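Working notes, structure below.
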Amino acid sequence: MKILMVRPQPAQQTIGLQHVMIVEPLELEVLGALRRAQDEVVIVDMILECQPLEYFLRLHRPDMICVTGYITNVATMGEYCLAAKAFNSRIHTVVGGVHCEVCPDDLDLPGIDFRVVRNPVTMFPQLLDHLDLGADAPTGVLASGQACIQTELPALDFIYATPDRSLVAGYRKHYFYIFHDKVALLKTSFGCPFNCNFCFCREITRGLYRQRPLAETLDELESLPQKEIYIVDDDFLADRRFLRAFLDGLKTRKIHKHYLIYGRADFIAENPDLLEQFRNQGLTTVIVGFESFFEEELAQYAKNSDVQTNRRAMDVLNRLDIDCFATIILNPDWCRQDFDRLEKELKDLQINFVNLQPLTPLPGTQMEVPKDTLLIAREDYPKWDLAHLSIQPTRLSVPDYYREILRLYNRVLFQPRVLVRFLLKYKPKMLWKMIQGTSRVSRQYREKIKEAESQLDFNTRQGG
Ligand code: SF4
């Protein structure tokens, strides 16, 4: 079979992380590696391509198109499948990805033949055999119109395949993550042992956590020509024993690379010795989900951590000169003073790079809010991007809340001290990219402010 695998382009309305990061489509590289001897696979990365999908359909004339994506991509995934059917109704259309696995009903759309909802590494080859050779339909794949009955799905198997990175060789030079150029992704575990109620990641593995065999992970790491490695585990700092074994493996195998990882504040605060060892073996940056510097909010989010721990973690990272990209959740109950307080806290702790996320009850998570407080319709998929306001703020108007977000970003990211530090530490090209990217995000926020002001005017006129 000729298989066209497509990573969708983000919708225009999505406020975009793609402006500050574009990384390889790891899940498609994994699926691509599962092709049988008789299959041919092409990956098209629509984030980087300028031609429309029809161009690639004409060019490759596939028998099957596979599209994976997030919640923000749902509509585009449906459009691509419809376009494939319009081009040739015999093309099999298949969708997958994390949103499809957690909320499969959202992708039961016209034009989509199959949704891979469980164990894609096991199910995908079975689906190929089913379509090609008439084998039994795989149980973790739903056909069009088929209801998802959780009890009828197979158990999670946590099977992984080494990604075929040659499939994106032509795109490789464009992949980067903020300051990390030509970054390669590595996955060492699935899920997370914690239970934060806003978190979508834990829903993908139904709260379970499994590590890949260490030797297999190190083999893959050793085979990567890239120096910059982004370990995309939901929480790479989940297990002291595993981290120690990983670091021993790096030493034994003489692997010298730079690492960017996700890690929790409590692990960092409690394991400064291991962080120091890791820093000496190439750790440069940790993305830390601090979420809040208010105790009651950390409790509200079931973060199982506290403000003092967040501060201790930053002390460790600053002392070791490890960069921190901080993720903060902005609560809809905040007033201007709360934004000011956060700004002071970020500056006091020398947190130089932040991702500010308005609290978002993502479909599929445990977080629920009254429907009448939602600002985004469930089907308005491109806006579920963790950057739009999804819950009506209680103490600020929507335009004012967006203004505060923009103001805080500008005050944290564009401090002269911080820019000088970035310039000294990273290539000027990466700093320039970051400035360009954040300017695009700022422009999107300014448009949101205008749009929200018009809506407010309209509501006032209607009310008056
Ligand atoms: S937010 Fe982080 S620590 Fe919490 S469940 Fe999700 S991945 Fe785990």
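Listed by first and then second residue, the pairs with beta-carbon distance under 6 Å, at least 6 apart or on different chains, first residue in the stretch 423-452 and within 18 Å of ILE22 (Cα to Cα), second of a type in the set (D, E, K, R), are MET430/ASP181. Can you name the residue in the stretch 228-241 that is over 19 Å from ALA313 (Cα atoms) and either without any contact (Cβ under 8 Å) to a residue 40 or more places away in the chain or part of a strand (DSSP E or B) (or both) and is also farthest from the ligand (Cβ to nearest atom) among such residues? Once the filter is applied, the top-ranked residue is GLU228. When we screen ASP315, ASP338, ASP348, ASP321 for residues that are among the charged types (D, E, K, R), more than 14 Å from GLY289 (Cα to Cα) and crowded, with 18+ Cβ neighbours inside 10 Å, the only hit is ASP338.
When the criteria are applied in full, ILE268 fails the requirement of being among the β-branched types (Val, Ile, Thr) and under 28 Å from ASP164 (Cβ atoms).
Residues considered: ARG411, ARG440. Of these, the only one that is surrounded by fewer than 17 Cβ atoms within 10 Å (Cβ to Cβ), in contact with a Gly (Cβ under 8 Å, 6 or more places away or on another chain) and within 18 Å of GLN357 (Cα to Cα) is ARG440. Restricting the stretch 265-280 to residues that are surrounded by 16 or more Cβ atoms within 10 Å (Cβ to Cβ), farther than 14 Å from ASP323 by Cα and of a type outside the set (Gly, Ala, Ser) leaves a set whose member that is farthest from the ligand (Cβ to nearest atom) is GLN277. For GLU291, indicate whether it is more than 16 Å from the ligand (Cβ to nearest atom), assigned by TED's automatic domain parsing to the domain that holds LEU224 and closer than 23 Å to GLN308 by Cβ. Judged against the criteria, GLU291 is not a match. Considering the stretch 159-213, there are no qualifying strands (runs of 3 or more DSSP E) wholly inside with 2 or more residues that are without any contact (Cβ under 8 Å) to a residue 60 or more places away in the chain, within 16 Å of the ligand (Cβ to nearest atom) and under 20 Å from VAL20 (Cα atoms).
Based on what the data block shows, is TYR381 hydroxyl-bearing (Ser, Thr, Tyr), within 14 Å of PRO358 (Cβ to Cβ) and not assigned by TED's automatic domain parsing to the domain that holds GLN18? Considered against the rule, which asks whether it is hydroxyl-bearing (Ser, Thr, Tyr), within 14 Å of PRO358 (Cβ to Cβ) and not assigned by TED's automatic domain parsing to the domain that holds GLN18, TYR381 comes out as no.
The values are calculated or read from the model by the stated rules, or taken from the named source; none is laboratory data. The structure displayed is predicted, hence computed values, not measured ones. Reconstructed Cβ throughout: ideal geometry from the backbone, glycine too, with neighbour counts over all protein chains shown.
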